[in-house]
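Notes follow once the structure below has been shown.
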Amino acid sequence: MNNGLPSIDKYLIGSSLEYFNSCLLPGVLNPTSKDIAEKLETLKNDSVDKPYFFIGAGTCGLGAGAIHTEKALLNVLKNHKFDYEIIKVGCIGLCFAEPIMDVFLPGKNRLSFGNVTPDKVEPIVLALLQDDQTILSQALFQYPSLNLKAWQEVPFINDYPFFKKQKRIVLNQCGIINPLSIGQYIAQNGYSALAKTLKEMTPIEVCNIIENSGLKGRGGGGFSTGKKWKFALNTPSDQKYFICNADEGDPGAFMDRAVVEGDPHKLLEGLIIAAYAIQATKAYIYIRAEYPLAIAHLEKAINDLYKWKILGSNIFDSGFDLDIIIKKGAGAFVCGEETALIHSIEGKRGMPRPRPPFPAVSGLHGKPSVINNVETLANISSIILKGSDWFNSMGNNNSKGTKVFALSGKIKNTGLVEVPMGITMREIIFDIGGGPKNNKLFKAVQIGGPSGGCVTDENLNIEIDYDSLKTIGAMMGSGGLVVMDEDNCMVDVAKFFMDFIQRESCGKCIPCREGTKQMQNILEKITRGRISEKGNDALDRFKGILQLEELSNTIKETSLCGLGQSAPNPILSTLKYFRNEYEAHIFDRRCPSGVCIELVNFEILEEKCIGCTLCAKKCPSAAIKGSPKAPHYINNEKCIKCGQCLKVCKFGAIIKN
Amino acid sequence: MSKPNTNTTIASLLLKFPKANRGDLIPILQYVQDSEKFLSKSTMIEIGEFLKLPLSKVYGVATFYNQFKFHPPGKYQIQICRGTACHVEGSSTILAALISDLKINAGETTPDGLFSLEVVACIGACGLAPVMSVNGEFFAKLTTEKIKHIIQNFRDKEASNE
Amino acid sequence: MKIEINNQSLNMPAGISILDACKSANINIPTLCYLEDLFPSGSCRMCVVEIAGVKNLVTSCSTQITEGMKISTHSNRVIAARKSILELLLSNHPDDCLYCDKNNACELQNLSAELGVRNRNFSKRLIEKEIDKSSPSLIRDPSKCILCGRCVRVCEERQTVSAISFIKRGSQTKVTTAFDGGLNTSNCINCGQCAMVCPTGAIVEKNNIKDVLAALSDKNKVVVVQHAPAISVTLGELFGFKQGSDVNGQMTAALRKMGFQFVFETSFSADVTIMEEASELVDRIKKGERLPLMTSCSPGWIKFVEHFYPEFLNNLSSCKSPQQMMGALIKNYWAFKKNINPRDIYSVSIMPCTAKKFEAGRAEMVTGGFADIDAVLTTRELAKMINMFNINLSKLKPEDADDPLGEHSSAAKLFGVTGGVAEAALRTAAFLITNDDSKVQEIREYRDLEGIKELTLNIDGITLKTVVVSGLSNARMVLDDIKRGIKQYHFIEVMTCPGGCIAGGGQPFGLDKDRIVARMKALYHIDKNEKIRKSHHNKDVVKLYEEFLMHPLSHKSHELLHTKYKPRTGY
């Protein structure tokens, strides 16, 4: 900020100023820049004049019970006579600590508390209001400020282990600002990138900046964003489209959801700039229907933009028109593929088509269309304001900037992390993620969802970028990281992904439709117990493994789209690093992690069994034999692995082998 | 049993789409299903005639996407997430518990019309796996014990409403 | 541009696909989902080729050549990939070849042989699916469907009917009608264009051979047969004759050898159709009502109007098709002359069309209490029968059809090709208007394979705006133009199948252009050399009117030779 005025003010000339007047200061005649500046300052919320309470109410927060926390807060506050504000914010990314509640008192730094279940609300609020410092030991961290008083012995957010190694550009305001307030977004310098673009830059200049920054598609494609825009810009047409892919179909990925829920304007600003760069006058945001909260926030944000005339015709007096339309996905993972997405918008079955022609040349309704992922677009405004050199100073040789990862699975600190490219996997899993939970042994981290592969202990020092991951048979994907420990079976994981692919395959091309079905069959045979076996299954099992690699080749080489081409990856990756598990399933007929239930043997420990006969009574297939008061035993040929005996034994005498 | 709202005819719903063309097919199907809870044969016929689309195409599009239902769902639509993180955290055990409690399989509705059970693609709350949603309300960090309570709560709610 | 195919340097025009480039270099790349005039869908992946410098294999149907491209069409890698894809298909396909209607005519079978598939490498994952026998013309067997999508596209893009589409997705995908009902519940018009393009036995015509054989063995039945104009210039292709040969005489001999007691020619009743329809046209023009007159000999077209354009039902000619007229004449005129009880007549027709099977079963097509036609066989079925009886067509001495229903003008033969009905009708209409036979002879403007052909004629001061249409996507365009008031016509000829009956849904498989052009040229050749070239010169037709019908559009004509239509629903 220069001379006390937010930089957007520099670009507000003529009628644009009027728009802001009518929205920011209704009823004020002839407002001056100073009036606007003051109003924007209050909207910023860098300091407050009364207590503010922020509740993390993204989907994670809601799932953890944020609504009940809010109710408890209202209950506590209704007995007090002072003025206060409760703001529901999005995900800051600390999923493991939800519900999160921040308390921002006048004159003091904003303070963050985690795991704030309803019973914890009153003690926290009362203690803080009475300046009782003992409550501070429960705080997670505090936010730094220029002029406010710091809390004693509470780490700053930048020093908090989870955030220490992160570099937050896309997520910098998620979980902090009010996602429903366009005013706050503008006050924090929002839409000044757009204003700068429309006032000072030509479309080709915008494309060049983005290309020079080194930004690559964050949806998994990894293609140079600026280059893609140029293809579309250079294709003459009476109508062009920009499409934001917010379908986020990868199971285990929720980065886009967080951005759209927590900071929708960041996405929208990037989208409008991008549309200008290719001269598209219509933009679509294709968002999955399973994200109702994100859709609601997006709708509000877009409505506000129309009200403030930052959408519609002649934005900022530049002559540029743009309309944004929301299209809800209807439940098809394959619609994350560009041409399938386009067909879905056109009201057809979401089936991909051969490329070329590429969408940038002939896309939606046959017109040049560019499709970018949410995270890609969320980077745009920062690059415009801070320059391409700033962006490509982060990261490593072939991948610039930051990447948002969704950490989940068997790890202590689940959540969203944004790190510079080139950071090692070990740092993410152990330094930021805190390592496996419950003191279990780390086994692998799956990256790239159903198109990706696993990173094991031996490769944990790998620097994360688009190319390095390919060398170990994995893929960046959209950024979902699922951690697995010793209790997970990698054959089961491969089967899980193949089930997913089979369910989501569009069915158009033979290698994907039939090939993945055959792979699924093979995996099912491997994990099937002897009781369910029929006829030639045992022979087929042996054949099957040999076939897996051959089939994988065919499917990879000949499938029509990326879904099919990368479908074999999870199998190939687990086969490479966990061949021993596969062999245990095939040759020893057992599942070492005890997950594939049909291959697990239930056993009664003689020394612990007192012969109460309860398990034998409960057994639905009469597989347990024994006389009263004598140790019982389980006939594994009859056992159907339902686990009832394990549940009812009060003496811990039954184990899974 | 959740009966479709027979006062709202499809025609009046379609008024919301004055200049509709093929690109509006999916939004129309979504909008109509939101109101009617599912897509019946006659509904799809009306939509086809409205958009001047062959019915085989309407049916072909509707059956392609997971979201569309062709039979009336239960009053409480339970959707359990089958994402990677949820699977790794044992969502199949949760599903088994639901199946055993409700005595229906995934894709079915209980005979009293109270609950329908569906397995859906990733809800996006992976940090709090396993997750399920009931009529849009999210429940996270599920265990088989929690499931029992949640279902019972809904049953009690129904009983007190009657 | 210069490209290299299999190490051979070639010059090719820019912008064509690799598949087309290879075709013109006489290199045959296998395809399953490819249809020549439709945008490539890229779903079967059989046509993959290897390009130097490109990681994955690419589909040759959808990839355009670029300067300096080096293509390998049959490298080990490519063949292995194609074989693998085929084996995957076969793992989901019934091993039914011996009993399948498409045995020896199946593209999947051919590819298996070509690629040398010998082992069942993948476990069978066949799911039994119900066979749809509801339609009188076509049988669908979804378990044989390889989901290539050709039928869907032809039904949607060439005929604009869309009776069938893909439903569901992934391994659950199925090609079927809306709500997966039987074909008879849908708006399928029975044209059989889907069966023509189906690479396997998933859609085939209903087989009526056994009914005909049963009748032939029945001593109490008098089995008579008629055959459509298009057949005699087509059948020879399957028996070693040169493309475009007219095997009318041999076919007649063959039919008699198989046991048909009387062989008639649909061309005769085509002349009768012209008498009725030309009179109808002149009548409507005089009265200035129910114009344009639309031809009614194509039953797929009739059903199309009944489903989609019921407002035009009044414009259709009330004439039955030549097949049905012949049927009515056989059982009501000829039977009377020969003193045969119509009940004992089993009337068979050989047609290049599957919709004729539907037409024969229409409730309106009954006269004097008897169905006009008892069984319809397609050209393909006839060929099967000839083979069954071990008849060598080329060795037979040509024979003539039976009187009095065998004589025909060459105008009637033109019924087999698009534009032919119009030409025949106008030759006679011109005479009816002017009493002068020299007014209209050949109408060359109608003589090509274009989908829409407009022509305005002036006959003694009367302006006749005509249009000839083949392929229902074109029919839709014309009808929509009429509805919008953009176009007006007096006479419209519509044939359901693009190109006319010579490219009908019941003709031999393989709709390559040169075959169709050869058949078309054969018909024009017949017309040129024939002495009797106009329907009203057919002496047996003249006799028919003198003896029996009195005059065109008479009460008797209306009773036997005219029909009604009705609006239909179906999804």
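Which of the residues spanning the range B:53-75 are assigned to a loop (DSSP other than H, G, I, E, B), more than 12 Å from chain A (Cβ to nearest Cβ) and more than 27 Å from B:Arg155 (Cα to Cα)?
Once the filter is applied, which keeps residues that are assigned to a loop (DSSP other than H, G, I, E, B), more than 12 Å from chain A (Cβ to nearest Cβ) and more than 27 Å from B:Arg155 (Cα to Cα), the range B:53-75 yields only B:Pro54.
Quickly run through the range A:261-292 and pick out the residues that are modelled with pLDDT under 95 and part of a helix (DSSP H, G or I).
Of everything in the range A:261-292, just one residue is modelled with pLDDT under 95 and part of a helix (DSSP H, G or I), namely A:Pro292.
I need every pair where a residue in the range A:466-483 that is within 14 Å of chain B (Cβ to nearest Cβ) and under 15 Å from A:Leu416 (Cα atoms) has its Cβ under 7 Å from the Cβ of a residue that is surrounded by fewer than 19 Cβ atoms within 10 Å (Cβ to Cβ) and of a type in the set (S, T, N, Q), sequence separation at least 6 or different chains.
Listed by first residue and then by second, the contacts come to nothing, as the list is empty.
Look through the range C:31-54, keep the residues that are surrounded by fewer than 19 Cβ atoms within 10 Å (Cβ to Cβ) and out of contact with any strand residue (DSSP E or B) (no Cβ under 8 Å at 6 or more places or on another chain), and return whichever of them is nearest to the other protein chains (Cβ to nearest Cβ).
Once the filter is applied, the top-ranked residue is C:Phe39.
Looking at (1) assigned to a helix (DSSP H, G or I); (2) away from chain B (no Cβ under 14 Å); (3) within 19 Å of the chain's Cα centre (by Cα), which is the one condition that is false for A:Cys244?
Only one criterion is unmet by A:Cys244, namely (1).
Regarding C:Phe370, is this residue among the hydrophobic types (A, V, I, L, M, F, W, C) and either outside the structural domain of C:Val223 (by TED's automatic domain parsing) or in contact with a Cys (Cβ under 8 Å, 6 or more places away or on another chain) (or both)?
Judged against the criteria, C:Phe370 is not a match.
Residues checked against (1) modelled with pLDDT under 90; (2) within 30 Å of C:Arg158 (Cα to Cα):
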site: C:Leu38; (1), (2): yes, yes
site: C:Arg45; (1), (2): no, yes
site: C:Glu50; (1), (2): no, no
site: C:Leu57; (1), (2): no, no
site: C:Ser62; (1), (2): no, yes
site: C:Ile65; (1), (2): no, yes
site: C:Met69; (1), (2): no, no
site: C:His74; (1), (2): no, no
site: C:Val78; (1), (2): no, no
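C:Phe166 versus (1) more than 8 Å from chain B (Cβ to nearest Cβ); (2) touching a helix residue (DSSP H, G or I) at 6+ places or on another chain (Cβ under 6 Å): which is the lone unmet condition?
Looking at each condition in turn, C:Phe166 falls short on (1).
Out of the helices (runs of 4 or more DSSP H) lying entirely within the range A:34-148, which hold 1 or more residues that are more than 28 Å from A:Gly434 (Cα to Cα)?
Here the list reads A:66-77, A:118-129.
Of all residues in the range A:595-644, which are over 30 Å from A:Met484 (Cα atoms), charged (D, E, K, R) and assigned to a loop (DSSP other than H, G, I, E, B)?
Passing the criteria: A:Glu606, A:Glu607, A:Lys608, A:Lys629, A:Glu637, A:Lys638.
So if I check each of C:Ser17, C:Ser62, which one is within 26 Å of A:Met351 (Cβ to Cβ), touching a Cys at 6+ places or on another chain (Cβ under 7 Å) and either in contact (Cβ under 8 Å) with a residue 40 or more places away in the chain or surrounded by fewer than 18 Cβ atoms within 10 Å (Cβ to Cβ) (or both)?
C:Ser17 is the lone residue from the list that is within 26 Å of A:Met351 (Cβ to Cβ), touching a Cys at 6+ places or on another chain (Cβ under 7 Å) and either in contact (Cβ under 8 Å) with a residue 40 or more places away in the chain or surrounded by fewer than 18 Cβ atoms within 10 Å (Cβ to Cβ) (or both).
If we keep just the residues of the range C:541-571 that are at pLDDT below 90 and surrounded by 15 or more Cβ atoms within 10 Å (Cβ to Cβ), which is farthest from C:Ser162 (Cα to Cα)?
Once the filter is applied, the top-ranked residue is C:Gly570.
Taking the range A:317-334 on its own, how many of its residues are in contact with an Asp or Glu (Cβ under 9 Å, 6 or more places away or on another chain) and at pLDDT below 95?
5
Restricted to the range C:139-163, and to residues that are of a type in the set (S, T, N, Q) and more than 22 Å from C:Gly42 (Cβ to Cβ), which residue is nearest to the other protein chains (Cβ to nearest Cβ)?
C:Thr160
For residues that are β-branched (Val, Ile, Thr), facing chain A (nearest Cβ under 9 Å) and not in a strand (DSSP E or B), scanning just the range B:109-134, find the one that is nearest to the chain's Cα centre (by Cα).
B:Ile123
So, restricting to helices (runs of 4 or more DSSP H) that lie completely within the range A:543-587, which ones have at least 2 residues that are touching a residue at least 24 places away in the same chain (Cβ under 8 Å) and over 19 Å from A:Val482 (Cα atoms)?
So the answer is A:562-565, A:579-586.
I'd like to check which helices (runs of 4 or more DSSP H) are fully inside the range C:5-117 and have at least 2 residues that are under 30 Å from C:Ile127 (Cα atoms).
Hits in the range C:5-117: C:76-90, C:107-115.
Quick check, is B:Phe68 within 22 Å of A:Ile295 (Cβ to Cβ) and touching a Leu at 6+ places or on another chain (Cβ under 7 Å)?
So B:Phe68 passes the test.
Which one of these does C:Thr176 not meet: (1) within 14 Å of chain B (Cβ to nearest Cβ); (2) surrounded by fewer than 17 Cβ atoms within 10 Å (Cβ to Cβ); (3) among the hydroxyl-bearing types (Ser, Thr, Tyr)?
Of the numbered conditions (1) within 14 Å of chain B (Cβ to nearest Cβ); (2) surrounded by fewer than 17 Cβ atoms within 10 Å (Cβ to Cβ); (3) among the hydroxyl-bearing types (Ser, Thr, Tyr), the odd one out for C:Thr176 is (2).
Go through the range C:286-310 and count every residue that is in contact with a helix residue (DSSP H, G or I) (Cβ under 8 Å, 6 or more places away or on another chain) and not in a strand (DSSP E or B).
Residues meeting the conditions: 17.
Quick one: count up the residues across the range C:52-73 that are closer than 28 Å to C:Glu87 by Cβ and in contact with a helix residue (DSSP H, G or I) (Cβ under 8 Å, 6 or more places away or on another chain).
Within the range C:52-73, residues that are closer than 28 Å to C:Glu87 by Cβ and in contact with a helix residue (DSSP H, G or I) (Cβ under 8 Å, 6 or more places away or on another chain) number 9.
List pairs: first residue in the range C:130-143 and of a type in the set (Val, Ile, Thr), second residue in a loop (DSSP other than H, G, I, E, B) anywhere in the structure, Cβ distance under 7 angstrom, at least six positions apart or on different chains.
Listed pairs, sorted by first residue: C:Ile131/C:Asp141; C:Ile139/C:Ile131; C:Ile139/C:Lys133; C:Ile139/C:Lys206.
Kindly evaluate A:Glu606 against the criterion of being exposed (fewer than 13 other Cβ atoms within 10 Å of the Cβ) and of a type in the set (Asp, Glu).
Answer is yes for this residue.
I'm checking my understanding of the structure. Among residues of the range B:94-108 that are within 14 Å of chain A (Cβ to nearest Cβ), more than 23 Å from A:Gly65 (Cα to Cα) and not hydroxyl-bearing (Ser, Thr, Tyr), which one is surrounded by the fewest Cβ atoms within 10 Å (Cβ to Cβ)?
My answer is B:Gly107.
Can A:Pro352 be described as within 14 Å of chain C (Cβ to nearest Cβ), touching a Lys or Arg at 6+ places or on another chain (Cβ under 8 Å), buried (at least 20 other Cβ atoms within 10 Å of the Cβ) and not basic (Lys, Arg)?
yes
Just to verify a result, which residue in the range C:424-440, among those that are out of contact with any helix residue (DSSP H, G or I) (no Cβ under 7 Å at 6 or more places or on another chain) and surrounded by 14 or more Cβ atoms within 10 Å (Cβ to Cβ), is farthest from C:Ala503 (Cα to Cα)?
The extreme case among them is C:Thr434.
The values are calculated or read from the model by the stated rules, or taken from the named source; none is laboratory data. Predicted model only: the values in this text are computed from it and were never measured. Cβ sites come from the backbone with ideal geometry, for glycine too, and all protein chains shown count toward neighbours.
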